[in-house]
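A short worksheet on the structure shown next.
The values are calculated or read from the model by the stated rules, or taken from the named source; none is laboratory data. Please read all numbers here as calculations on a predicted model, not as lab measurements. All Cβ positions, even for glycine, are placed from backbone atoms using ideal geometry, and neighbour counts span all protein chains on display. For accessibility, only protein heavy atoms count, side chains too; no ligands or nucleic acids. Shrake-Rupley method; radii C 1.70, N 1.55, O 1.52, S 1.80 Å.
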Amino acid sequence: MTKKHKIAVTISIIFYITVRLFCGVFEHDEFGNDVYFIKHKPTWKWRFYSPQGMSDLDLSQMTPAQQEEQLLFDEFVGNRITR
């Protein structure tokens with residue numbers, strides 16, 4: 001592997017990690033389409049969804065896994081969509 005190839009691979013890996021840490025995708029509650037966004041802090045999680053969705057579920061009525069997913073959705077996506 002030449003020096004140019006090593007540099008290109010290194011830049012590609014750094015770019016991938018940066019995008020993965022600072023960008024994300026969430027599924028829109030109402031329309032179901034994917035929306036790309038910039039995260040306010042780095043996290044490896046890429047895909048976000050709201051278990052609550054358009055329903056009237058309380059956090060206490062969800063399973064622990066759903067609660068964690070909803071809290072992450074609220075933290076990272078928050079008011080990016082109108083409900």
Using alpha-carbon coordinates, inclination of helix 64-76 to the longest axis of the chain, degrees: 70
Out of the chain, which chymotrypsin sites (Phe, Trp or Tyr not before Pro) are coil in DSSP terms and have no more than 11 other C-beta atoms within 10 Å? F31, W44
Quote the relative contact order of the chain in percent (integer), defining contacts as alpha-carbon pairs under 8 Å separated by 6+ residues. 24
Any idea of the accessible area per residue across the chain, 1.4 Å probe, to the nearest Å²? 74
Can you list which of the GluC sites (Glu not before Pro) found in the chain are DSSP loop residues with at most 12 other C-beta atoms within 10 Å? E30
For the chain, with all protein chains present and a 1.4 Å probe, just round the carbon and sulfur fraction of the accessible area to a whole percent. 60
Helix 3-22 axis, angle to the chain major axis (alpha carbon atoms, nearest 10°): 10
With the convex hull built on the Cα atoms of the chain, state its orientation-averaged projected area in nm². 7.0
